[in-house]
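Single-structure report; data block below.
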Amino acid sequence: MAFNPQFARLGEVLIHNNSISEEELKEALIKQNNFGLKIGETLIKLGYLKEKALMLALSQQLGYVVVDESTLLDVPVEIVALIPEAFAFEKRAMCIKVDDDGLVVAMTDPEDIEVLDSLKKVTGRNIKPILIGDSLLTDALEKYYKSIRTTSEVESAVGGFDFVQLDEDENEITIETSKEADAPVVKLVNLFFTEAIKSGATDIHIEPMTKHTRVRFRVDGSLREVMNPPIGMHNGIVSLVKVMAKLNIAERRLPQDGQISLKTQMKSVDVRVSLTPTVLGEKIVMRLLDKGEFGFKLATLGFEEEDMEIFKRVIKRPYGIIIVSGPTGSGKSTSLHAALKTIYTVENNIVTVEDPVEYRLEGVCQIETKSQIGLTFGAALRSVMRQDPDIVLLGEIRDNETADIAIKFSLTGHLVFSTLHANDAPATITRLIDIGIKPFLVGSSLCLVMAQRLVRKVCSHCAADYVPSDQELLEAGLTREGVKDFNFKNGTGCVHCNNTGYAGRTGIFELLRVDSEIRQLIFDGANQDNIRDLAIKNGMRTLHDAAISKMKRGITSIREVIKMTVIDD
């Protein structure tokens, strides 16, 4: 007799589909009561079942259509808004389409008669339920209702403004009501911060355009446009940010830098503010720094196993300098703080000198420089020398003075961590010599140089097999013959990743150990090409090689490899 899923239990359907084994089902049935979940949810929690497989089985058993993920990418917000937000989250339902027969509503449980009746009463229309997975629904609800909230709050904030054109260069803002004049601007700026924190943004860009102000958030290393308030509000936004950062409101011709401390319901953040004049007005860039406890570990940063062993071994040395190099936003501070967290014990006195203190480390003495009152890197480091340190983290080697003090620390029995802006590990060595440190001091003190970058990870929810073009292979330094065993992946875009195809970032690392051979090259004044050639000969994996390794396993895409690394000539 042929198998009929409509007359079978869900577990039987899943076994018939080869989604789970009989042993896995038996274990889930035993643990189901402990979890207080349905059998499908229990199997997912145990890691035996994927949500898509569960939806397929439920569709076969109950006869409902499963939502097509691609339809969730572009649902008009006015359709989603037909169901109130609180109701949608509580009842696990989202309106995705309107047709002549009523509303098409995606539900995690389309058999729930009570919810169906409530939906009909709330919307006043007939309901046509279809199936959707719980995690997919959660991401879709958060995406669309966040957009609905943001749009309504922006409209509310700008609704009290009447824009009067003075001339072709400037807009004047007047308020229709007699209430607090700055209230709409305050509301809008608060919205910037709130949404940025919710999105996990590291930076906020507020820049004047010809007809509007463009607001962008940097998330996972890439900028995303999030809203466009009217250009007439721009001067008000700039003035409010200046007041919050204690800057000169009247000065519009010169760049200014400041700081804001914010405390929200979600977290406390330090905001570094930079304003610079442009031809259309002042542009604001704000960097958000989490003041919470540091939560990263070395194991989660993306090290290859061999590189992790090298790094762990070197950071446990009693003295020497370890330098991490890379551009702004490449994760240098994260790696160094993770290293300090790894080697911290009550027996060691660890002191950091930073500008700013990006992460808080329990048990570590952290000093934040304030150049306006004379607490520079040099002054702070000279004070640290009298604080009996064992390990010192210097936020950045910026000039000859800080480099010289770091060298002296390392040569007198201290372990020193620091960062430097350089393109790769060999270039870091020549950069130290370039700022005035003698080669014999560099060679004697350095024990490890690590260059790093962050590459975006392909979204696990929409990752698909990908065949790169000949041009992409050429730009990545690969051949069609050499990539036969590569698992190329590319994100097609989904609700989980905001249609970008990427979710999260991971590090790629280039570790240059300063052994006796490298040290001799430094003493002899060799250039960075000579140092690189010898390091590669001795087993150094370049940034490009590290990126290729992650691409080969489908962790990142070939486009990220091309974007973030350079082929060694």
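Screening ALA57, ALA86, ALA28 for residues that are within 28 Å of SER118 (Cβ to Cβ) and buried (at least 19 other Cβ atoms within 10 Å of the Cβ) leaves exactly one candidate, ALA57. Would you say THR194 is assigned to a helix (DSSP H, G or I), polar (S, T, N, Q) and either open to solvent by 60 Å² or more (accessible area, probe 1.4 Å) or closer than 22 Å to ASN498 by Cβ (or both)? It is true that THR194 is assigned to a helix (DSSP H, G or I), polar (S, T, N, Q) and either open to solvent by 60 Å² or more (accessible area, probe 1.4 Å) or closer than 22 Å to ASN498 by Cβ (or both). Among the residues examined, ASN34 qualifies as over 30 Å from ARG149 (Cα atoms), without any contact (Cβ under 8 Å) to a residue 12 or more places away in the chain and open to solvent by 30 Å² or more (accessible area, probe 1.4 Å). Annotation note: of LEU58, LEU54, LEU103, LEU82, the sole residue that is outside any loop (DSSP other than H, G, I, E, B), under 36 Å from the mean Cα position of the chain (by Cα) and under 25 Å from ASN499 (Cα atoms) is LEU54. A Cβ distance below 6 Å, combined with a sequence gap of six or more or placement on separate chains, defines the contacts here; from segment 61-90, residues that are farther than 13 Å from TYR145 by Cα reach residues that are open to solvent by 70 Å² or more (accessible area, probe 1.4 Å) in the pairs LEU73/ASN499. Only one entry of ASP100, ASP139 meets the criterion of being modelled with pLDDT under 90 and loosely packed, with under 14 Cβ neighbours inside 10 Å, and that entry is ASP100. Could you check, for segment 310-328, whether at least one of its residues is within 20 Å of HIS205 (Cβ to Cβ) and either at pLDDT 90 or above or not acidic (Asp, Glu) (or both)? Scanning segment 310-328 turns up at least one residue that is within 20 Å of HIS205 (Cβ to Cβ) and either at pLDDT 90 or above or not acidic (Asp, Glu) (or both).
Among the strands (runs of 3 or more DSSP E) contained in segment 253-338, which hold 2 or more residues that are open to solvent by less than 10 Å² (accessible area, probe 1.4 Å)?
Numbers: elements: 256-263, 268-278, 281-290, 320-325.
In segment 253-338, 268-278, 281-290, 320-325 are the strands (runs of 3 or more DSSP E) which contain 2 or more residues that are open to solvent by less than 10 Å² (accessible area, probe 1.4 Å).
Residue under question is GLN387, and the condition is that it be touching a residue at least 40 places away in the same chain (Cβ under 8 Å) and not in a helix (DSSP H, G or I); does it hold? The answer is no for GLN387. Restricting attention to segment 1-18, the residues being surrounded by 17 or more Cβ atoms within 10 Å (Cβ to Cβ) and within 15 Å of LEU49 (Cβ to Cβ) number 5.
For GLU481, state whether it is modelled with pLDDT of 90 or more and not small (Gly, Ala, Ser). Give the steps one after another, and end with the answer.
Working: modelled with pLDDT of 90 or more: no; not small (Gly, Ala, Ser): yes.
For GLU481, the condition - modelled with pLDDT of 90 or more and not small (Gly, Ala, Ser) - is not met.
None of LEU131, LEU119, LEU136 is under 38 Å from the mean Cα position of the chain (by Cα) and farther than 20 Å from GLU69 by Cα except LEU119. For the residues PRO129, PRO110, the requirement of being open to solvent by less than 20 Å² (accessible area, probe 1.4 Å) and in contact (Cβ under 8 Å) with a residue 12 or more places away in the chain singles out PRO110.
The values are calculated or read from the model by the stated rules, or taken from the named source; none is laboratory data. Worth saying up front: this structure is predicted, and the values here are computed from it rather than measured. Please note: Cβ atoms are built from the backbone with ideal geometry, for glycine as well, and neighbour counts cover all protein chains shown. Ligands, DNA and RNA are stripped out before the accessible areas are found, and what is left, the full protein with its side chains, is counted by its heavy atoms. Shrake-Rupley method; radii C 1.70, N 1.55, O 1.52, S 1.80 Å.
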